Amino acid sequence: MSESDLHWSTAITQVKPNEVRLRGYRIDELMGRVTFAQAVYLALTGELPSPEVGRLVDAILVSSIDHGATPPSALAARTVASTGAPINAAVAAGVLSINKYHGGAIEGCMKAIRQALNLAEEKGLSTGEAAAEIVSRYRQEKKRLPGFGHRIHTADPRAARLFDLAQEAGVAGKGVAMLKALESALAESLGRQLPINVDGAIAGVLVDLGIPDELANAFFFMARVPGLVAHVHEEQRRERPMRRIHPTDHDYDGPPPRSLD
């Protein structure tokens, strides 16, 4: 095999002496001028977003930064940290636990939204009719529709905020509209309300942003890493090694409720 047979290309980053470019932009020129969320969008899509879309992507990342010590990713990270593992190994354990049933609802919901949108286009159905048919299919197959309902929240405040920001950014389109139609169709089918949760809201927004389904999980674990770092660091500083970690029998002793206003 010759050296030419081993040659390959990447369209992401170019590195030269005294110069590093991400998707063509010098990173030192991006520093201080774009947010981390805008840089994430650039890395994933190849283009810089508008400030409004960057703010929306930032909100998506903030929305999932942490959800307490009970999710599998936090428990996994804390458990590994309690063994004396370094912070990178403990955080990696948390990230590796983000899969189909933990964090995967975003991708699943995106696929359901796209199924409904494709159905509406193929059969000439209204948004409501397509949503009702998708809900019917899921129920017949005894499959749960991802992105709806929550084990703690009866109305997820993060979802409402994302919809507001998507509207402000001019992004909310067919994806968000179909998501809300699925919510209505699901409530009618079940005879009770299963509100859109944060995963569902992220799914609707990502569809309207044109993000591929296969990157959905990435948005969840990119967002969750800082929370996992905080859990691991706290476990290492405050708890005894090799402890039995109860998933729910714990309380909160951090700062009292605060507001940005």
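None of the figures in this text is laboratory data; all of them are computed from the coordinates on show. For clarity, every value in this text was computed on a predicted model and none was experimentally measured. Glycine gets a Cβ as well: all are built from the backbone with ideal geometry, and neighbour counts include every protein chain shown.
For Gly173, no residue whose modelled amide H falls within less than 5 Å of its own remains once neighbours fewer than 5 places apart on the same chain are excluded. Which residues in the stretch 38-72 have a backbone N closer than 18 Å to a point placed 7 Å from the Cα of Gln14 along the Cα-to-Cβ line? Only 42-48 fall inside the zone, counting backbone N under 18 Å. Positive contributions from Lys and Arg (+1) and negative ones from Asp and Glu (-1), summed over other residues with Cβ under 14 Å from the Cβ of Glu29, come out at +2. Placing +1 on the Cβ of each Lys and Arg and -1 on the Cβ of each Asp and Glu in the chain, which of Ile202, Ala159, Gly227 has its Cα farthest towards the positive end of the resulting dipole? The residue sitting farthest along the positive end of the dipole is Gly227. If you take all other residues with their beta carbon under 14 Å from the beta carbon of Gln236, and give Lys and Arg +1 and Asp and Glu -1, the sum is +2. Taking GluC sites (Glu not before Pro) as exposed when DSSP calls them loop and at most 12 other C-beta atoms lie within 10 angstrom, the chain has its longest site-free stretch at 142-261. Net charge dipole, the stretch 15-147: roughly 400 debye, given to the nearest 20, about the Cα centre with Cβ charges of +1 for Lys and Arg and -1 for Asp and Glu.
Within the shell of other residues whose beta carbon sits under 12 angstrom from the beta carbon of Asn118, the net charge comes to +1, with Lys and Arg scored +1 and Asp and Glu -1.
The charge dipole of the chain, taken about its Cα centre with unit charges on the Cβ atoms of Lys, Arg (+1), Asp and Glu (-1) only, comes to about 660 debye.
First check a/c for the stretch 65-246, with a ≥ b ≥ c the square roots of the eigenvalues of its C-alpha gyration tensor; if it is under 1.5, answer rounded, and if not, answer prolate when a/b is larger than b/c or oblate otherwise. Prolate, because a/c is 1.5 or more and a/b exceeds b/c.
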